[in-house]
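Below is one structure, written out as structure tokens; comments come after it.
Derivation of every value follows stated rules applied to the coordinates shown; laboratory data play no part. Nothing here was measured: the structure is a model prediction, and the numbers come from that model. Glycine gets a Cβ as well: all are built from the backbone with ideal geometry, and neighbour counts include every protein chain shown.
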Amino acid sequence: MNTSYLIPHRYKVLGWILFIPSLIIAFLTILYEWTPPLFTFKTFTLAHDEIFGKDIYFGIIETNMFAEIIGLLAIIGGLIVAFAKTKQEDELIQSMRLRSLVWATYINYAVLFIAIAFVFGIAFFWVLIFNMFTLLLLFIARFHYSIYRLNTQVRHEE
């Protein structure tokens, strides 16, 4: 059984420490439109276009990077949680992992399909932003729920 693509189990706690607070902070930031000024600084950009300004490609801009930093922490934490080995990684767990990933992918793209067909304007932009995280969220939720159900069945059989 090849699990070389998985992260060692000991990093899972770090993943949760990054993932959960980042999601909460991101939600609160969006809800209250809060960006701490401490995170405003000059940074490199590949592409930056302003509605009433000039477009900049491969340049330096001054911007608030708070949302970007929180988003990156959420992605890093989510990837660690999603792809950290379980304490006992066997063929059954790998099968559950694969089924959960396929299920999450189907649901993620179903949401995107519906959004492309029925959501327009800035609302579509927000759907795309949330859609970046739904694959990880759905996979983590489904995989851990599958493990929970397996553990519950095992306990009932004992």
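Annotations
- Rounded to the nearest 10 degrees, the inclination of helix 91-118 to the longest alpha-carbon principal axis of the chain is 40 degrees.
- 0 to 90° range, to nearest 10: angle between helix 12-32 axis and the chain longest Cα axis: 40 degrees
- Each residue of the range 51-59 is assigned a 3J(HN,Hα), and the resulting list reads 5, 10, x, 8, 7, 10, 10, 6, x Hz, derived from the Karplus form 6.51 cos²θ - 1.76 cosθ + 1.60 (θ = phi - 60°), x at Gly and Pro.
- Residue separation of Asn131 and Ile56 scaled by 0.36 nm, minus their Cα-Cα distance, works out to 24.4 nm of gained length.
- Bridge type composition, the chain - antiparallel percent by DSSP, nearest 5: 90 percent
- Chymotrypsin sites (Phe, Trp or Tyr not before Pro) restricted to the range 1-82 and DSSP loop, no more than 15 other C-beta within 10 Å: Tyr5, Trp34, Phe52
- Cut-off under 5 Å, modelled amide H: who pairs with Ala84 long-range: Ile7
- When the Cα atoms of the range 87-158 are aligned to their principal axes, the ranges along those axes come out at 55, 20, 18 Å in descending order.
- Near Tyr145: Cβ cut-off under 13 Å, other residues only, Lys/Arg at +1 and Asp/Glu at -1. The net charge is +4.
- Helices in the chain, meaning DSSP H runs of at least 4 residues, each add -39500 (n - 2.57). Divided by all residues, the mean residue ellipticity at 222 nm is -23000 deg cm²/dmol.
- Loop trypsin sites (Lys or Arg not before Pro), the range 43-146, which have at most 11 other Cβ atoms in a 10 Å radius of their Cβ (DSSP): Lys54, Lys87
- D (Stokes-Einstein, µm²/s), Kirkwood Cα radius, the chain, 0.890 mPa s at 25 °C: 134 µm²/s
- Efficiency of FRET between Ile30 and Arg149 - r from beta-carbon atoms, R0 41 angstrom, step 0.05: 0.80
- Lys/Arg +1, Asp/Glu -1 at C-beta; the range 1-69 dipole; positive extreme among His9, Leu31, Phe52: His9
- Axis angle, to the nearest 10 degrees, between helix 66-83 and the longest C-alpha principal axis of the chain: 20 degrees.
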